[in-house]
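Below is one structure, written out as structure tokens; comments come after it.
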Amino acid sequence: MKDTRVLIVDDNSSDANVLQKLLGRMDIPYDVLYDTRTLFADLATVPKPNVVFLDLEIPGTDGYQVLTAIRAIPDFDGVPVVAYTANSAEMGNCQRAGFHSFLGKPIRSADFATHLERILNDDPVWEVR
């Protein structure tokens, strides 16, 4: 997973911290976007990630609108976007909306490295916790 960079989009710092810790253990750099007021402008300024973990429940918008915005950024073309949510009932909607993968919160740390490797190899992961 050398040369991998991750973008986390989540307004909840506790949930984002879980991903940050898991990525830190793997020495994978990441960027985090928390501020929903500047989210769309901030998307255009972050370095191109290899994968995006996107919370679906974002105040003032939702993960589906953010997915549309991500897909409109040319630098993000082909970047897998993973729905990352506690709402497992959204899995079917996420598949229809075009998410690459779905990981239910809380993330299982024992499975995270394997899931990330699969996603980076363009092998979708659809898991509900």
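What follows is calculated from the coordinates using simple rules that are stated; it is not laboratory data. Remember, it's a predicted structure, so these values are computed and weren't measured experimentally. Cβ sites come from the backbone with ideal geometry, for glycine too, and all protein chains shown count toward neighbours.
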With the requirement that a residue be within 17 Å of Tyr34 (Cα to Cα) and in contact with a strand residue (DSSP E or B) (Cβ under 8 Å, 6 or more places away or on another chain), what does region 66-81 give you?
Val66, Leu67, Ile70, Val81
Unique match (being in a helix (DSSP H, G or I) and closer than 19 Å to Asp3 by Cβ) among Glu90, Glu117:
Glu117
In region 101-123, which residues are at negative phi and touching a residue at least 40 places away in the same chain (Cβ under 8 Å)?
Leu103, Lys105, Pro106, Ile107, Ser109, Phe112, Ala113, Leu116, Glu117, Ile119, Leu120
Given the residues Val18, Val52, which is the only one that is closer than 21 Å to Ala72 by Cβ and surrounded by 14 or more Cβ atoms within 10 Å (Cβ to Cβ)?
Val52
Failed item in (1) within 14 Å of the chain's Cα centre (by Cα); (2) part of a helix (DSSP H, G or I); (3) farther than 18 Å from Pro124 by Cα, with Phe40 passing the rest
(1)
